[in-house]
Amino acid sequence: TDSKALAKFKERAKGRQETVFARLKNFHILSTRFRCKTDDRFQKHKMVFESCCALVQYDIENGQPLYLI
């Protein structure tokens, strides 16, 4: 029931999201087990994941566009 313009917008947004997820998968942070023997392992896992997100964001903002046109 969406208009063509809204459907196109949603399609592009989903594509951008999938591209970012694909770049995160390059770090294998989502597919491999995080091993840490300290009590604050959940906090460390969060820090590692956020670091990977920051690296992907930096990459996008400094020369690697989401889409090559």
Principal-axis tilt of helix 41-61 within the chain, Cα atoms, nearest 10 degrees: 40
Helical contribution to [θ] at 222 nm, DSSP H n ≥ 4, -39,500 (n - 2.57), averaged over the chain, rounded to 500: -21500 deg cm²/dmol
Of [x] 0.94; [y] 1.47; [z] 1.19, the label for Cα Rg over 2.2 N^0.38 Å derived from the coordinates: [y]
Unit charges on C-beta of K, R, D, E only; dipole of the chain, Debye: 240
For Val48, net neighbour charge (Lys/Arg +1, Asp/Glu -1) across residues whose Cβ lies under 13 Å away: +3
Cβ-Cβ FRET estimate between Ser31 and Tyr58, R0 fixed at 25 Å, reported to 0.05: 0.70
Cα long-axis angle, helix 4-25 against the chain (0 to 90 degrees, to the nearest 10): 20
Percent carbon-and-sulfur accessible area, the chain, ignoring ligands, DNA and RNA, probe 1.4 Å: 56
Environment charge of Arg35, counting only residues whose C-beta is closer than 11 Å and scoring Lys/Arg +1, Asp/Glu -1: +4
Computed FRET value (nearest 0.05) for Thr19 with Gln43, which takes r as the C-beta separation and R₀ as 30 Å: 0.60
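The values are calculated or read from the model by the stated rules, or taken from the named source; none is laboratory data. Nothing here was measured: the structure is a model prediction, and the numbers come from that model. Note that each Cβ is placed from the backbone with ideal geometry, even for glycine, and that neighbours are counted across all protein chains shown. The accessibility values were calculated without ligands, DNA or RNA, using every heavy atom of the protein model including side chains. Shrake-Rupley method; radii C 1.70, N 1.55, O 1.52, S 1.80 Å.
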